[in-house]
1. Once amide H atoms are built 1.01 Å from N in the peptide plane, which residues 5 or more positions from Ala56, or in another chain, come under 5 Å H to H?
2. For a quick check: sort Leu76, Leu44 by the number of other beta carbons within 10 angstrom, fewest at the front.
3. Taking other Cβ within 10 Å of each residue's Cβ, how do His43, His63 sort, fewest first?
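Read the figures in this text as sums done on the coordinates, not as results from a lab. Values in this document were obtained by computation on a predicted structure and should not be read as measured data. Quick reminder, even Gly has a Cβ in these numbers, built from the backbone with ideal geometry, and neighbours come from all protein chains shown.
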Amino acid sequence: MRRLVAGENRKTVKGQTYGKIRQALSEVDARADGCGGAGTPRHLIEVFTRGQADAAIIASMIHTGEYTIRRIKDELAAAGVAIWKKW
């Protein structure tokens, strides 16, 4: 299995490039990770729903202390994004 990592917006915390992720997935047989750019749970919701990514990197959100993993998971679940309940 191949993985596509979209990281054009790394360290920007302005959102991920979900359009490019979705386009690339339509052209190749791969799984996709949103890598960098996420600054809010809304960015993650977009990359999972609109971009159809399988995973996303949230280090910037956690390291600043502005978000906890629990808060992020709660917001994703409230938006209908499937999450692991245990970690």
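1. Those qualifying (amide H under 5 Å, at least 5 residues apart or on another chain) are Gly34.
2. Leu76, Leu44
3. His63, His43
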